[in-house]
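The values are calculated or read from the model by the stated rules, or taken from the named source; none is laboratory data. These numbers were taken from a predicted model, which means no experiment stands behind them. Cβ: placed from backbone, ideal geometry, glycine included. Neighbour counts: every protein chain shown. These accessible areas exclude ligands, DNA and RNA; they are computed on the full protein's heavy atoms, side chains included. Shrake-Rupley method; radii C 1.70, N 1.55, O 1.52, S 1.80 Å.
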Amino acid sequence: MSTLKAGDKAPEFTAKDQNGKEVSLADFKGKTVILYFYPKDDTPGCTAESCDFRDNYQFLTSQGFEVIGVSIDNEKSHKKFETKYNLPFTLIADPEQKIVTAYGVWGEKNMYGKVYMGTVRTTFIIDPEGVISHVINKVDTKNSSQQVLDLLKA
């Protein structure tokens, strides 16, 4: 779905997190960022994906990663999601769909024959210089952190 690919500069963004704090991609310069886009807070696939990152968060950060989730939900929704599942990382609110559009993950989806626009689940690995090193288009929600680690071993 995304037209961005490995080697492309990651689009810069500034938006509010679940605590109402402004966060920019530039804040993470010098770190490897796992930027994962998910459709909706507190839905089965999105919860599985977020909880997998949560369960492996200590290991990921020990390997130099920062984890950032992005959806079009608002800050209040993100705060409830973070609290309910004890998520230790940043969740970016993108209700105006600026970030999902910049990353090319806002697109046509089809569920049970109904076509609609939404966030296409995608994970980007962004290197310390702000360049996309990997794009995961077929995310395994229950093993999303392992997918990232497997890519980097390859």
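Judged by the gyration tensor of its Cα atoms, with axes a ≥ b ≥ c, the chain is rounded; a/c sits under the 1.5 cut.
Placing +1 on each Lys and Arg Cβ and -1 on each Asp and Glu Cβ, with no other charges, gives the chain a dipole about its Cα centre of roughly 260 debye. Normalised by the number of residues in region 1-72, the mean separation of alpha-carbon contacts (under 8 Å, six or more apart) gives a relative contact order of 33 percent. Centroid-to-centroid, using Cα positions, region 21-55 and region 91-117 are 15 Å apart. When the listed pairs 80/109; 31/79; 21/98; 79/138; 98/153 are checked against a 22 Å cut-off, the alpha-carbon distance exceeds it for 80/109; 31/79; 79/138; 98/153. Applying 1/(1 + (r/R0)^6) with r as the Cβ-Cβ distance of residue 59 and residue 101 and R0 = 30 angstrom yields a FRET efficiency of 0.40.
By the helix-only formula, in which each DSSP H run with n ≥ 4 contributes -39500 (n - 2.57) and the sum is divided by residues, the chain has a 222 nm mean residue ellipticity of -8000 deg cm²/dmol. First check a/c for region 87-154, with a ≥ b ≥ c the square roots of the eigenvalues of its C-alpha gyration tensor; if it is under 1.5, answer rounded, and if not, answer prolate when a/b is larger than b/c or oblate otherwise. Prolate. Take every pair of alpha-carbon atoms less than 8 Å apart whose residues are at least six positions apart; their mean separation over the length of region 106-154 yields a relative contact order of 23 percent. Dividing the alpha-carbon radius of gyration of region 1-78 by the rule-of-thumb value 2.2 N^0.38 Å gives 1.14.
If you rank 41, 140, 8 by how much accessible surface each has, with a 1.4 Å probe, what is the order from largest down? Kindly include the intermediate steps, with their values, before the conclusion.
Details: 41 15, 140 65, 8 35 Å².
Ranking 41, 140, 8 by accessible area, largest first, yields 140, 8, 41.
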